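The values are calculated or read from the model by the stated rules, or taken from the named source; none is laboratory data. Computed from a predicted model, the values in this text were never measured in an experiment. Here the Cβ positions follow ideal geometry from the backbone for every residue, glycine too, while neighbour counts run over all protein chains shown.
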Amino acid sequence: MHEAATVNPSGQKGWDEALVGTPGSSFFHTTVWSDVLLEAYRYEPLWFMIRKQEAFEALLPIMEVNSPLTGIRGVSLPFTDYCEPIASGPAQFQALFAAAVALGKKRCWRYLELRGAETFLERMEPSEWHYAHTLDLEKTGTDTFSDSTRRNIRKAEKQNLDVTISAAPDALHDFCRLNALTRRSHGLPPQPRRFFQCVHDHILSRNMGFVVLASLRGTAIAANVYFTFGDQLIYKYGASDRAFQHLRASNLVMWEAIRWGRDHGYRALCMGRTEPDNEGLRRFKTGWGARERLIKYYRYDLRKDVFIKTPHIVRPLHRKIFGNLPIPILNLMGSILYRHMG
């Protein structure tokens, strides 16, 4: 077996093209996602790789998060719902994992976090877990949706809403306004505007993603951001104005994306992760007929050489405080805090 090498994928010619044909690859293994995280948050990309000629045999993407507030650690990957290691079997995975642990100890990481990898770590206790949902676009249609989802689509279609699909900066600007409202309602600051600017520059402008907007009389009231990779469509971010929730615009936005994906030959819609206690979002996703599975995160303490549980950081009190702050203050807090949270 070849030894694992450490590379920075940025600027690697033909990297993303080689990934498309690699079993187990996803959008989050690409250089464009690495470039977004690097430019927006200044994380250092350290991809552990076993490569034979031009083909990937095994790949473990890691970003080093170096924060004076939260310490130094390796994460695969920050702000990514899941990023499964690419490996043909346990031996390849162990080679990648051992190389990452060795480098992490040299660089004084507190821990190494893997968001996925349950195939290779099934005997280990995860630090946390979430639901993931995937929709088969080749088999989906209104007849595969739940009754409530069909009703919500019909209701939204009667509201004279304008639905557009765009990769333009203005569309992302509308999304950011709605995202700030949504994050505040969840008791969290929004991601920095700089992050979404990087999403536009590295992803949307390269025809690897788009925004679906639903507008009422010229004002956007719901929006989702999607990425594309190979035959996969990825639902990454969703936002809406709760004042118009009764119009069910979010259902119409998702339905438009599903139809677009089917029409353009995509086979699957990856709907991201859902927190275990977010039963409303879980019902929303399963209502489209999505297949549900568990994704498990693993955190390895490099000082103790043991897998550990993840402490809960965000308390209800914090959520209450954030939920009552003005949007400009939340935007400022997001621009300061997020790079420490990856």
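When you go through (1) in contact with a Gly (Cβ under 9 Å, 6 or more places away or on another chain); (2) touching a residue at least 60 places away in the same chain (Cβ under 8 Å) one by one for F120, which number turns out not to apply?
Condition not satisfied by F120: (2).
Please determine whether any residue of region 16-38 is of a type in the set (D, E, K, R), under 17 Å from the mean Cα position of the chain (by Cα), more than 25 Å from I308 (Cβ to Cβ) and not assigned by TED's automatic domain parsing to the domain that holds D231.
Yes, region 16-38 has at least one match.
For S10, state whether it is polar (S, T, N, Q), outside any helix (DSSP H, G or I) and in contact with a Ser or Thr (Cβ under 8 Å, 6 or more places away or on another chain).
Against the criterion (polar (S, T, N, Q), outside any helix (DSSP H, G or I) and in contact with a Ser or Thr (Cβ under 8 Å, 6 or more places away or on another chain)), S10 qualifies.
For M333, indicate whether it is among the aliphatic types (A, V, I, L, M) and at pLDDT 95 or above.
Taking the combined requirement at face value, the residue does not satisfy it.
Among the listed residues F227, F210, F196, which satisfies the condition of being of a type in the set (F, W, Y) and in contact with a Lys or Arg (Cβ under 9 Å, 6 or more places away or on another chain)?
That would be F227, the only listed residue that is of a type in the set (F, W, Y) and in contact with a Lys or Arg (Cβ under 9 Å, 6 or more places away or on another chain).
Check region 71-88 and report whether any residue there is of a type in the set (D, E, K, R), within 17 Å of the chain's Cα centre (by Cα) and either closer than 24 Å to E125 by Cβ or at pLDDT 95 or above (or both).
So far as region 71-88 goes, yes, one or more of its residues are of a type in the set (D, E, K, R), within 17 Å of the chain's Cα centre (by Cα) and either closer than 24 Å to E125 by Cβ or at pLDDT 95 or above (or both).
Okay, residues lined up against (1) touching a Leu at 6+ places or on another chain (Cβ under 8 Å); (2) within 21 Å of K155 (Cβ to Cβ); (3) surrounded by fewer than 21 Cβ atoms within 10 Å (Cβ to Cβ); (4) not aromatic (F, W, Y):
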| position | (1), (2), (3), (4) |
| --- | --- |
| D201 | no, no, yes, yes |
| R206 | no, no, yes, yes |
| C270 | yes, no, no, yes |
| F284 | no, yes, no, no |
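Show the residue pairs meeting these rules: Cβ distance below 8 Å; 6+ apart or different chains; first residue within region 62-74 and over 14 Å from D301 (Cα atoms) and free of Cβ contacts under 8 Å to residues at least 40 places away in the same chain; second residue β-branched (V, I, T) and part of a strand (DSSP E or B).
Matching pairs, first to second residue: N66/I72.
Identify all residues within region 72-91 that are more than 15 Å from I295 (Cα to Cα) and of a type in the set (G, A, S); write none if there are none.
Scanning region 72-91 gives G74, A87, S88, G89, A91.
Considering only residues of region 321-342 that are loosely packed, with under 14 Cβ neighbours inside 10 Å and part of a helix (DSSP H, G or I), which is nearest to the chain's Cα centre (by Cα)?
So the residue we want is I336.
Among the residues of region 14-26, is there at least one that is surrounded by 15 or more Cβ atoms within 10 Å (Cβ to Cβ), at pLDDT 90 or above and of a type outside the set (D, E)?
Yes, there is a match, as at least one residue in region 14-26 is surrounded by 15 or more Cβ atoms within 10 Å (Cβ to Cβ), at pLDDT 90 or above and of a type outside the set (D, E).
Can you spot a residue in region 290-298 that is closer than 21 Å to L178 by Cβ, part of a strand (DSSP E or B) and in contact (Cβ under 8 Å) with a residue 40 or more places away in the chain?
no
Among (1) in contact (Cβ under 8 Å) with a residue 60 or more places away in the chain; (2) of a type in the set (G, A, S); (3) part of a loop (DSSP other than H, G, I, E, B), there is one condition A239 misses while meeting the rest; what is its number?
(3)
Given the criterion farther than 19 Å from T228 by Cβ and surrounded by fewer than 21 Cβ atoms within 10 Å (Cβ to Cβ), identify the matching residue among A87, A98, A40.
A98
Given the condition more than 16 Å from F210 (Cα to Cα) and surrounded by 19 or more Cβ atoms within 10 Å (Cβ to Cβ), answer yes or no: does some residue in region 252-267 qualify?
no
Does any residue of region 59-67 turn out to be of a type outside the set (D, E, K, R), in the same structural domain as L121 (by TED's automatic domain parsing) and surrounded by fewer than 20 Cβ atoms within 10 Å (Cβ to Cβ)?
Scanning region 59-67 turns up at least one residue that is of a type outside the set (D, E, K, R), in the same structural domain as L121 (by TED's automatic domain parsing) and surrounded by fewer than 20 Cβ atoms within 10 Å (Cβ to Cβ).
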